[in-house]
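Structure, as structure tokens:
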Amino acid sequence: MRTLITGGTIVTATDTYKGDVLIEDERISAIGTSLPLPADRTIDAKGKLVLPGGIDVHTHLDMPFGGTTSADDFESGTIAAAHGGTTSVVDFAIQYKGETLRQAWEAWMKKAERKAAIDYGFHMIVTDLPESVEAEMDAMVAEGITSFKLFMAYRGVLMLDDGSIFRAFLRTAGNGGTICMHAENGDVIDVLVRRALAAGHTAPKWHALTRPPRAEAEATHRAICLAEMAGVPLYVVHLSAAEALEQITAARDRGLPAYAETCPQYLFLSYANYEEPGFEGAKYVMSPPLRAEGNEEKLWRGLAGNDLQAISTDHCPFCMKEQKELGRNDFSKIPNGAPGIETRLHLVHDGGVRRGRISLNRFVELTSTSPAKIFGLFPRKGTIAPGSDADLVLFDPAKKHTLSAKTHHMRVDYNPYEGREVTGKVDTVLSRGKVIVENEKFVGKAGAGEFLKRKPRS
Ligand code: URP
Ligand code: ZN
Ligand code: ZN
């Protein structure tokens with residue numbers, strides 16, 4: 001099967017040029033101008049950007065949390081991702097206490113197989129680290145699960161103590177994996193939460209007021225120090241606070257392999273959203289929380305200057321009805337997380353590229369190329385080059401549309417960006433050479449996504 005994409009503007013992390021892309025079966029086989037080649041299907045990309053498919057390295061599909069389960073499973077979540085121009089996700093398998101890592105991996109493979117519409121990989125969340133599990137970390141890396149997420153918050157559920165974190169770091173330093181860190185000081189937060197509840201503060205905004213930016217900055221600093229002592233690269237997930245970014249910047253200035261992602265919610269929303277009337281603030285209960293207005297400009301500067309290397313979504317949707325409502329009388333019972341798997345490229349293109357905060361090439365780098373490189377998927381994913389998977393997005397940079405729960409494909413009853421008009425729209429999406437979105441319709445197949453065995457650090 002030969003597909004030819006003609007006349008578009010090809011954009012990679014480094015180049016922007018007019019050209020045609022020839023796809024043979026699942027891979028890109030040639031790039032040129034006016035390629036005189038016969039094809040089974042020709043797609044006219046005139047006036048469109050041709051981008052490498054988005055890579056979202058932080059999603060939580062079908063994830064149990066706070067007595068409920070995230071509202072998108074691997075079918076609905078990956079179809080929504082495809083509508084938003086994302087063609088690969090790296091989700092999180094969770095090892096519960098007493099389990100082996102392999103049990104966790106198998107459980108999450110069952111959730112994804114025959115459901116995922118795009119390719120998927122897994123990070124492993126380690127919550128329990130006896131010696132046997134420590135040894136198993138090497139086996140996971142060999143299986144292509146080359147990154148481990150550890151939590152410095154949620155004591156008794158997900159959190160690891162500093163000693164266990166350090167042992168996990170040392171092991172990962174030796175096996176070629178990468179550490180993903182949820183950096184918030186959980187014990188400090190737990191004290192603040194107990195005090196707030198004792199004082200009768202139950203509204204959603206108290207979620208943010210009990211998780212101060214310093215609690216994120218302190219944990220980020222501690223994680224950097226532990227990683228430096230262990231000699232392991234550190235990737236801080238969902239970085240929200242400028243104070244935490246200062247720690248990353250300082251570490252990078254010292255030449256340490258410290259990386260961090262932020263997420264659209266920290267670029268487009270703020271603490272003010274928690275002040276929305278009634279229980280509406282629950283829509284934005286996520287950890288870390290949204291920060292004060294003004295914080296976002298510092299994150300944009302970090303993105304432009306490469307102190308932040310990726311934008312992922314932390315897509316973790318819970319419906320207002322029956323899920324967020326669990327915390328109507330107690331903010332600490334509101335399940336943490338918000339939807340975003342479908343809106344990432346649209347928001348970042350509009351607020352980043354069109355507002356002049358980042359270039360088009362940096363947009364591609366932050367949403368596709370750099371996450372592919374950090375997490376062992378490059379050059380199979382994350383670029384447009386001969387030999388790479390034909391995961392491509394035709395993007396109309398001039399088309400306006402409005403983000404809304406009425407039209408989105410995520411299985412959740414609200415959109416945090418409800419009513420926001422953005423310019424630039426995903427038009428056609430190909431996953432390994434097959435068109436999976438055209439004319440605003442999903443035309444792919446649930447189950448067509450393949451497990452991504454990722455490479456360790458070289
Ligand atoms: O609030 C959030 N971020 N929920 C998802 C779990 C996590 O910590 O990433
Ligand atoms: Zn987290
Ligand atoms: Zn997350």
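The values are calculated or read from the model by the stated rules, or taken from the named source; none is laboratory data. Predicted model, so just to flag it, every value in this text is computed and none were measured. Using ideal geometry, Cβ is built from the backbone for each residue, glycine included, and neighbour counts are taken over all protein chains shown.
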Can you tell me which residue is surrounded by the fewest Cβ atoms within 10 Å (Cβ to Cβ) among those in region 431-444 that are in a loop (DSSP other than H, G, I, E, B) and touching a strand residue (DSSP E or B) at 6+ places or on another chain (Cβ under 8 Å)? Val443
Report, by residue number, each residue of region 284-340 that is among the polar types (S, T, N, Q) and away from ligand 3 (no atom under 15 Å from the Cβ). Asn295, Asn306, Gln309, Gln323, Asn329, Ser332
Does any residue of region 35-56 turn out to be within 16 Å of ligand 1 (Cβ to nearest atom) and modelled with pLDDT of 95 or more? yes
Inspect region 275-284 for any residue being at pLDDT 95 or above, small (Gly, Ala, Ser), more than 16 Å from ligand 1 (Cβ to nearest atom) and over 22 Å from the mean Cα position of the chain (by Cα) and give the result as yes or no. yes
Scanning region 299-326 residue by residue, the ones that are on the phi < 0 side of the Ramachandran plot and surrounded by fewer than 23 Cβ atoms within 10 Å (Cβ to Cβ) total 12
So Tyr154 passes all but one of these: (1) in contact with a helix residue (DSSP H, G or I) (Cβ under 7 Å, 6 or more places away or on another chain); (2) of a type outside the set (A, V, I, L, M, F, W, C); (3) without any contact (Cβ under 8 Å) to a residue 24 or more places away in the chain. Which condition number does it fail? (3)
Quick check: is even one residue across region 152-160 of a type in the set (A, V, I, L, M, F, W, C), away from ligand 1 (no atom under 16 Å from the Cβ) and not in a strand (DSSP E or B)? no
Tell me, which helices (runs of 4 or more DSSP H) wholly within region 163-247 include 2 or more residues that are within 22 Å of the chain's Cα centre (by Cα) and within 16 Å of ligand 3 (Cβ to nearest atom)? 213-230
Please specify each residue of region 49-97 satisfying the condition of being more than 15 Å from the chain's Cα centre (by Cα), among the β-branched types (Val, Ile, Thr) and under 15 Å from Arg344 (Cα atoms). Ile79
Starting from region 242-268, keep only residues that are farther than 15 Å from Gly305 by Cα, then list their pairs with residues that are surrounded by 21 or more Cβ atoms within 10 Å (Cβ to Cβ) and acidic (Asp, Glu) whose Cβ atoms are within a distance under 8 Å, requiring at least 6 positions of separation or different chains. Glu243/Glu216; Ala244/Glu216; Cys263/Asp314; Gln265/Asp314; Tyr266/Glu296; Leu267/Glu296; Phe268/Glu296
Can you run down the residue pairs with Cβ atoms below 7 Å, 6 or more apart or on separate chains, where the first is in region 336-356 and more than 20 Å from Ser287 (Cα to Cα) and free of Cβ contacts under 8 Å to residues at least 40 places away in the same chain and the partner is among the aromatic types (Phe, Trp, Tyr) and buried (at least 24 other Cβ atoms within 10 Å of the Cβ)? none
For Pro335: the one exception among (1) within 15 Å of the chain's Cα centre (by Cα); (2) within 16 Å of ligand 2 (Cβ to nearest atom): (1)
Taking region 253-272 on its own, how many of its residues are part of a helix (DSSP H, G or I) and closer than 16 Å to Glu297 by Cβ? 7
Got a sec? Which of Val412, Val422, Val364 is part of a strand (DSSP E or B) and either in contact (Cβ under 8 Å) with a residue 60 or more places away in the chain or among the polar types (S, T, N, Q) (or both)? Val422
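For (1) touching a helix residue (DSSP H, G or I) at 6+ places or on another chain (Cβ under 9 Å); (2) aliphatic (A, V, I, L, M), each residue gets a yes or a no:
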position	(1), (2)
Gly8	no, no
Ser29	no, no
Gly67	yes, no
Met109	no, yes
Residue in region 116-162 that is farthest from Lys445 (Cα to Cα), counting only those that are away from ligand 3 (no atom under 16 Å from the Cβ) and under 19 Å from the mean Cα position of the chain (by Cα): Thr146
Among the residues of region 221-240, write down those that are under 15 Å from Ser287 (Cβ atoms) and either away from ligand 1 (no atom under 14 Å from the Cβ) or not β-branched (Val, Ile, Thr) (or both). His238, Leu239, Ser240
